[in-house]
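The values are calculated or read from the model by the stated rules, or taken from the named source; none is laboratory data. Note that the structure is predicted; figures quoted are calculated from it, not measured. A quick note on method: Cβ atoms are made from the backbone with ideal geometry, for glycine too, and the neighbour counts reach across all protein chains shown.
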Amino acid sequence: MGCTSSREVRRDRFRGPSPFVRSFSMPATRRSQPKSASFHFAALESSDEEMMKCTNDQNMSPLKKCPPGGERKVVLYLTSLRGVRKTFEDCCNVKAIIQGYGFRIDERDVSMHGGFKDELHEILGPGCCGSKLPRVFANGKCLGGAEEVRKMHEAGELEKALRDCEVVEMKDRWSVEACEGCGDVRFVPCETCSGSCKVFVEEDEEGGEEIRGFRRCWECNENGLVRCPLCCY
C-alpha cells in the first residue's frame, strides 16, 4: 500500500472549478439594443416633421403676405457681405439673371438695413428655412431662392413669372454706368446727422420746452444710412 504525499492531496482537493467561484458567477444576459438608437430615429422623425411644416409655411405665407411696396415689382432680398462666399455669389447670380430680362429690381440689402431682415422674417416666418438668402418676390409672389430661380431660368419659365413687373427703360437697359448718387450701393449717408445717428436738439417742437441735448436721428437707420433717392423707388 503506497503512501500518498501531502502534495498529491492538495492537488486533488483543488482539482476542478471551485464551488466559491461557481456561487458568484453571474448568469449570461441577453445583449439589448442601445437606447441611443431609438433616440436617433426619434430625432430624425421630429426633424422631418419640422422641415415639412416649415416648407408648408414657406409655400403658403407668400400667397397671403406681400413685401411692403412690392406690388408689380421684383423685390430681391440679398446681402452685400462676403462673409459666406456661396451666399454672396448666389445673390449676385440671381441679380444678374433678372437684370438680363430687363426688369427693374428693388434691392433690399439686409446687411445694410435691419428693417429689411425683419420684413423677410415677417413674410416667411421667423426661424423658417425659407428665410435663406437670396429671396425673390415677383408682384407679391415668392419665387424662391437661387436654386429655384436658376431652374426657372433654364426651363424658360422665369420671364413668364416676371411679366407683370416693372421693366427698365430701353435706353437704360444696357447701361453699365453705376448710380451717380450711391455707386449702386443703394444707400447714402444721412444728410440730417451726417451718418452719426444723432442730432442736437435745442427745444421740444411739440411742447415748446427748451431741451438741449442729443437725440436719435429720425431720418436714418441703425447704420446712419438712407436709401438712395436717385436709384431706389
query = Which of the residues that make up the range 94-109 are in a helix (DSSP H, G or I) and in contact with a helix residue (DSSP H, G or I) (Cβ under 6 Å, 6 or more places away or on another chain)?
reply = Val94, Ile97
task = List every residue pair whose Cβ atoms sit under 6 Å apart, with the two residues 6 or more apart in sequence or on different chains, where the first one lies in the range 214-233 and is outside the structural domain of Asp106 (by TED's automatic domain parsing) and in contact (Cβ under 8 Å) with a residue 24 or more places away in the chain and the second, anywhere, is surrounded by 13 or more Cβ atoms within 10 Å (Cβ to Cβ) and of a type in the set (A, V, I, L, M).
result = Cys217/Val199; Cys220/Val226; Cys228/Val188
task = For the range 195-212, state whether one or more residues are more than 19 Å from Ser111 (Cα to Cα), at pLDDT 90 or above, among the hydroxyl-bearing types (Ser, Thr, Tyr) and surrounded by 11 or more Cβ atoms within 10 Å (Cβ to Cβ).
result = no
